[in-house]
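Okay, structure first, notes after.
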Amino acid sequence: MADEVFFLGTAFVLVSVGLYCATQKNMIRILLGIEMILNAGNLVLVFFASRYSSMGFVDPLGQSLVFMSIVLGGCVISVGLALIVNAYKQFKTINVRKLRRLRW
């Protein structure tokens, strides 16, 4: 019971902080918020994959899905940071609202 509260509580905190960061004006905070939400999903997936394990074994499907999710999350972060660096070089700002005004 304590493990459930710990893992699901941590995932809830990660989702809450990620949603708060995703609503900010700064593009780096938005990207980090999306990554936090992704990591909360990974944590919940690992928890539920190991919940019904018998004799200490864990379902390898859950672990492999989380591993692929971590790899894809790293790819998303690297592409997102490259886009943010290029936007900063071109427009000298990473504020989303200022960049939105430059659309037209």
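The values are calculated or read from the model by the stated rules, or taken from the named source; none is laboratory data. Note that the coordinates shown come from a computational prediction; the quantities given were computed from them, not determined experimentally. As a convention, Cβ positions derive from the backbone with ideal geometry for all residues, glycine included, and neighbour counts pool all protein chains shown.
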Matching residues in segment 6-42 (touching a helix residue (DSSP H, G or I) at 6+ places or on another chain (Cβ under 6 Å) and of a type in the set (Gly, Ala, Ser)) number 5
Filtering segment 52-92 for residues that are at pLDDT below 90, under 19 Å from Ala22 (Cβ atoms) and polar (S, T, N, Q) leaves a count of 0
